[in-house]
Amino acid sequence: MEGMAKTSTTTQGLRAAIERSGYYPALVAEAVEAAVGGEPIRSYLVHQETTFDQNEVRRHVTVLVLTGNRFIVSHTDEQAADTTSPTPYATTSTESVKLSRISSVVLSRVVANPESYTPGSLPREVVLTIGWGAVSRIDLEPAACGDPNCDADHGYTGSSTADDLSLRVSEAGDGPDTVRQTLAFAQSLSEATADLTA
């Protein structure tokens, strides 16, 4: 990430986190650098997950970056050789979203032994869901009235949920530091979007 300002400790931390992930760091760093440009970085999160696809192990890395004006998402996936490519390959994509477009930041926490929970304790896992209107999920079900003998068609009822990004991080799978970083990133993003409405 040579193009990023070397004086920023946040930028250096992001660079180190990408390197630590060990997942094509030069490729991931270049994609993130191009998306961030010269903007100062306020917060970041690097999350790597391994998935199993039949007999193959595949890795995926997600990098989330918060700048003063934008939320940047970068995904990198590796693929095995197939009919389109005789050699294994990786696909990297980045999306840049204006902070004013962020419609929801949802953080779900799972804690063990909630009866003895003390403030500041680390959750066992967290799920960070961020919506900005690019992807919506609609859940429908038949509508009904209060009459148990009614067989009329009352149409459908349902809800629409913004579900552009959902990231699950657990202490057992990702380590306590990644859980802490996820909590910190979620707080920074929530505060940044709240500042826009203040």
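The values are calculated or read from the model by the stated rules, or taken from the named source; none is laboratory data. Computed from a prediction, not measured in an experiment: that's the story for all the values here. Here the Cβ is made from the backbone with ideal geometry for all residues, glycine too, and neighbour counts use every protein chain on show. Protein only, heavy atoms only, side chains kept; ligands, DNA and RNA dropped before computing areas. Shrake-Rupley method; radii C 1.70, N 1.55, O 1.52, S 1.80 Å.
Under a Gaussian network description of the chain, with springs only between Cα atoms under 10 Å, the residue in 24, 44, 156 that fluctuates furthest is 156. Between the residues 48, 17, 86, the greatest Cα displacement towards the positive end of the dipole of the chain, with unit charges on the Cβ of Lys, Arg, Asp and Glu, is found for 17. Choose one answer from 79, 54, 187: the residue with the largest mean-square fluctuation in a GNM of the chain with alpha-carbon springs under 10 Å. Evaluated over the chain, the most mobile residue of the options is 54. In the distance distribution for segment 69-159, Cα-Cα pairs more than 15 Å apart total 79 percent. Per-residue 3J(HN,Hα) values for segment 108-124, derived from phi via the Karplus relation 6.51 cos²θ - 1.76 cosθ + 1.60 with θ = phi - 60°, read 9, 10, 10, 10, 7, 6, x, 5, 10, 5, 10, x, x, 5, 7, x, 5 Hz in sequence order (x marks Gly and Pro).
Between 153, 77, 164, the residue with the greatest mean-square fluctuation in the GNM of the chain (Cα pairs under 10 Å linked by springs) is 153. Shape analysis of segment 81-133 places it in the oblate category; the axes a ≥ b ≥ c from the Cα gyration tensor give an a/c of at least 1.5, with a/b not above b/c. Take the chain with all the other protein chains still there, run a 1.4 Å probe, and you get 59 Å² of accessible area per residue.
Estimated at 0.36 nm per residue, the fully extended path between residue 58 and residue 121 surpasses their Cα-Cα distance by 19.4 nm.
Placing a label point 7 Å from the Cα of residue 93 along the Cα-to-Cβ line, the residues of segment 25-40 whose backbone N sits under 17 Å from it are 28, 31-32, 35.
Apolar share of the accessible surface for the chain: 49 percent from carbon plus sulfur atoms, 1.4 Å probe.
A crude spin-label estimate for the pair residue 150 and residue 84, with each label 7 Å from Cα along the Cβ direction, gives 5.0 nm.
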